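To start, the structure itself, in structure tokens.
Please treat every number below as a calculation from the coordinates, not as lab data. On a predicted model such as this, the values are computed, not experimentally measured, just so you know. When we count neighbours, we look across all protein chains shown, and the Cβ atoms used for this are built from the backbone with ideal geometry, even at glycine.
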Amino acid sequence: MNKKQSLIPVEQVEETIMLIRGQKVILDSDLARLYGTTTKRLNEQVRRNRERFPEDFMFRLMKDEKAEVVANCDHLSMLKFSPALPFVFTEHGAIMAANVLNSPRAVQMSVFVVRAFVRMRSIMRNKGELAWRLSMLEKELKERLDVHESAIVSILQRIMDIVDPPNLPGPPRKTIGFQIKEPNAKYGKKGKE
């Protein structure tokens, strides 16, 4: 086995891990590739050792799940035309698959697979903690806004009054144009005067 082939970064393994039915899983074809065997050989060994793979270790995808996986993962486009529904393996199922394959490559790569699952679990835990902290911060900000809401509304109302003042009666305005200032003048009237 070539040394370069044996070393695959954990990040590449992480890219193959998906969240299906609330569990982090790896597709049988991806696991077979990592373990240096064919999907057919992997599934053959799983069938021979079915008692080692309970449902929490491995399960078969449903049609709609397969379609979603194919749509979201470019490297799985070949599955689109396959009539078979693929298996997916959880962390424990991936370890068990390495044991039933019993090849040096599978045993060596199972360490990387486990590390990838552990790292993904840590990331998910950290994201959950971050989401909780953000929700607490949102709640605190909402409480503060409730306290200051009336003050903010009052300030905004004053600003709006400055920008668009209401029509209030004010001092009389001067009229524009020519006006006659003699109150008793009788211009243009014909009379006996």
The exposure ranking of Ser150, Ser103, fewest beta-carbon neighbours within 10 Å first, is Ser150, Ser103
About its Cα centre, how strong a charge dipole does region 46-123 have in debye, to the nearest 20, once Lys and Arg get +1 and Asp and Glu get -1 at the Cβ? 280 debye
Considering the dipole of region 3-133 built from charges on the beta carbon (Lys and Arg +1, Asp and Glu -1) around the Cα centre, which of Val70, Val25, Ala94 is farthest to its positive end? Ala94
Region 3-133: C-alpha pair distances exceeding 24 Å, %: 28 percent
For the pair Arg21/Ser135, report the inter-label distance in nm, with labels modelled 7 Å from Cα in the Cβ direction. 2.6 nm
Among Leu101, Leu137, which comes first, second and so on when ranked by fewest other beta-carbon atoms within 10 Å? Leu137, Leu101
